[in-house]
Amino acid sequence: MKFFSIAALLLALPFATAAQDDAHPELGAKYSLDLGLFFPERDIVLEAGATGLRGVDFTSDLGLEKHDQMFAVDFRWRFGEKWSLAAQHFSASAAATVFLDEDIEWKGLVFDDGTNVDSSSEFALYRLFFGRSFAKTDRVDFGIGAGIHWLDMSAEIAGSVLVNNTVTFQRERVAASSPLPNIGAWYDYSLSPRWAIKARADWFQASIDEYDGRLVNFQAGINFAWFSHSGIGVAYNHFELDAGVTSPKWQGSADLTFKGPYAFVNFFW
């Protein structure tokens, strides 16, 4: 309730401060917060203990919904003359039941063509990014920095399999959780006191802890300052992970993509 009271107060403030300047007010704000809905198209291809068969495509093979909508949040704190700390979070989960039209292998088990299987997957992203501005004016903010993506992933397949000439019900789950460091950059530009364009990109490719591969996290969009401390915006988000996974609960690989529009309300003060 406290958050919604603050949000209502910010929305009620007239657009006064920005009208006196030539720049979008968010570029000069100490804090900015985006709250909205992410509408991604997702691709989830996972491999767990494969014995020669391809990875399991959880959308096309197992019937998980390809399109989703999820709550997402972005936050940024500018401190000092040129320093900032940013955060991002979104999570997704899905489940489905399907009759297989081809064999799939999962953790040493082969689920045969024509059998009925249940599947589920869960994914959560937590991003922290520390950066420094190298070109900063009232209308432009360009900087680079480094950060951490904490990824939580899990997946499960359950169904009947043939083991030693006996049909048995099996349920196998994999899970991995680890931080991944990354480098990145951002560029914000004020088109007018009401309009601003914003873009950022993070990248990682290395072997660390439970992951060995590549991560890309990109966002670009436009913001409209409806009031002096709040507005609305739309953006395109693209998150991609292509990595081998080595953990006590998962030996295999993960190829994940979440991409699509992001609509949000933003606050800056």
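Structure notes:
- Top-ranked residue in the stretch 183-216 [being open to solvent by less than 40 Å² (accessible area, probe 1.4 Å) and farther than 30 Å from S230 by Cβ; ranked as modelled with the lowest pLDDT]: Y211
- Contact annotation: residue pairs with Cβ atoms under 7 Å, 6 or more positions apart or on different chains, pairing a residue in the stretch 97-124 that is farther than 28 Å from S177 by Cα with a partner that is among the aromatic types (F, W, Y) and surrounded by fewer than 17 Cβ atoms within 10 Å (Cβ to Cβ), are G114/F99; N116/F99.
- Some residue of the stretch 240-259 being among the acidic types (D, E), part of a loop (DSSP other than H, G, I, E, B) and open to solvent by 60 Å² or more (accessible area, probe 1.4 Å): no
- Residue within the stretch 135-143 that is of a type outside the set (K, R), over 16 Å from the mean Cα position of the chain (by Cα), modelled with pLDDT under 95 and open to solvent by 60 Å² or more (accessible area, probe 1.4 Å) present: yes
- Within the stretch 113-131, the residues that satisfy the criterion of being over 22 Å from M70 (Cα atoms) and open to solvent by less than 60 Å² (accessible area, probe 1.4 Å) are G114, T115, V117, G131.
- Within the stretch 134-148, being of a type outside the set (A, V, I, L, M) and within 11 Å of L85 (Cα to Cα) holds for G145, G147.
- Filter pass, A29 being at pLDDT 95 or above and surrounded by fewer than 22 Cβ atoms within 10 Å (Cβ to Cβ): yes
- Meets criteria (among the basic types (K, R), part of a strand (DSSP E or B) and either touching a residue at least 60 places away in the same chain (Cβ under 8 Å) or under 25 Å from G63 (Cα atoms) (or both)) for R173: yes
- Restricting attention to the stretch 220-269 and to residues that are without any contact (Cβ under 8 Å) to a residue 40 or more places away in the chain and farther than 30 Å from R173 by Cβ, the residue that is nearest to the chain's Cα centre (by Cα) turns out to be Y236.
- Filter result for the condition that a residue is open to solvent by less than 20 Å² (accessible area, probe 1.4 Å), of a type outside the set (D, E, K, R), more than 25 Å from F123 (Cα to Cα) and over 16 Å from the mean Cα position of the chain (by Cα), over V167, V174, V161: V161
- Only residues that are open to solvent by 50 Å² or more (accessible area, probe 1.4 Å), in contact (Cβ under 8 Å) with a residue 40 or more places away in the chain and charged (D, E, K, R) were counted in the stretch 64-80, giving 0.
- Set W195, W250, W186: member being under 26 Å from T97 (Cα atoms) and of a type in the set (A, V, I, L, M, F, W, C): W250
- Where a residue in the stretch 132-148 is farther than 15 Å from A201 by Cα and of a type in the set (G, A, S) and its partner, wherever it lies, is open to solvent by 70 Å² or more (accessible area, probe 1.4 Å) and part of a strand (DSSP E or B), with Cβ under 8 Å and at least six apart: A135/F142
- Exactly one residue among D202, D212 is assigned to a strand (DSSP E or B), under 15 Å from the mean Cα position of the chain (by Cα) and not small (G, A, S), and that residue is D202.
The values are calculated or read from the model by the stated rules, or taken from the named source; none is laboratory data. All of these numbers come straight from a predicted model, not from anything done at the bench. Every residue, glycine among them, receives a Cβ derived from its backbone with ideal geometry; neighbour counts consider all protein chains shown. Each accessible area value is taken on the protein alone, full model and side chains, heavy atoms only, with ligands, DNA and RNA left out. Shrake-Rupley method; radii C 1.70, N 1.55, O 1.52, S 1.80 Å.
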